[in-house]
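The values are calculated or read from the model by the stated rules, or taken from the named source; none is laboratory data. The shown structure was predicted, so the numbers you read here are calculated from the model rather than taken from an experiment. Cβ sites come from the backbone with ideal geometry, for glycine too, and all protein chains shown count toward neighbours. Only protein heavy atoms, including side chains, enter the accessible area calculation; ligands, DNA and RNA are left aside. Shrake-Rupley method; radii C 1.70, N 1.55, O 1.52, S 1.80 Å.
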Amino acid sequence: MDALSDAQAVQTPWPTANHTDETGSKVHLGFLLAYMAARPHIEAALLDIRNNKSLHNYSLHFIGHSLGAAQAALAFVDFNSAIPYLTTFGAPRIGNVQFTRILQRLSLDSFQRYSRVVHEADMIVHLPLSAPFNSYTHGSGHELWVKDSEDGDKCQMLVKCRDDTEDIQCSAGVSPLRWNIFDHWVYPGMRLGSYH
């Protein structure tokens, strides 16, 4: 994740549009600034895709890891009619409860439209910490928790978590003493770390 974007953890109002109006909706300022810098490029790419008739039979998926996951989620809300699917890997908490209600409303079938993949004890998915003054939460998206084998071999299992809350049977139940950055950089089947 970009340290400068991460450090701006204060919440700011989400710039609502008609389809996303939720009173009191707030998001992480750093994530919003990073997204707004990328937004013109995303909008241009979506226009190019829409104008390319050879791509009309394909589904569009927004996928991101870490800060890219936060940006993908903000784009999913912003351009929802153009982006039918969102999958995040190692996504930090992006906004408050009101913002997650927007995500829930836009992804009615959250398993098919919005999946949040978390590797074992990835510490970034628990940040920013939720506190009385900022109330960061995931609260949306179907969490798919990649749980490492307890016997130490390379085998992993995929746990389908409840999608209405941060499920304590999944990553939300991992002790903060086990949180680590290594699980953030190692997602099964993906080589991360050299692409940002």
Given q = 0.12, 0.15, 0.24 Å⁻¹, what are the Debye log10 I(q)/I(0) values for the stretch 22-102, with equal point scatterers placed on the Cα positions and solvent ignored?
-0.35, -0.54, -1.20
Straight-line reach from LYS147: which lysines have a Cα under 17 Å away, not including same-chain ones fewer than 8 places off?
LYS160
Which percent of the accessible area of the stretch 57-126 is formed by carbon and sulfur heavy atoms (probe 1.4 angstrom)?
52 percent
What accessible surface, in Å², does a 1.4 Å probe find on MET157, ignoring ligands, DNA and RNA and rounding to the nearest 10?
110 Å²
Could I have the simple spin-label model distance between HIS41 and ALA131, label points 7 Å from Cα toward Cβ, reported in nm to one decimal?
3.2 nm
Multiply the residue separation of GLN104 and ILE168 by 0.36 nm, subtract the distance between their alpha-carbon atoms, and state the gained length in nm to one decimal.
21.1 nm
Determine the per residue accessible area of the stretch 57-129 with all protein chains present and a 1.4 angstrom probe, expressed in square angstrom.
35 Å²
Which FRET efficiency, nearest 0.05, do ARG50 and THR12 yield, Cβ-Cβ r, R0 35 Å?
0.75
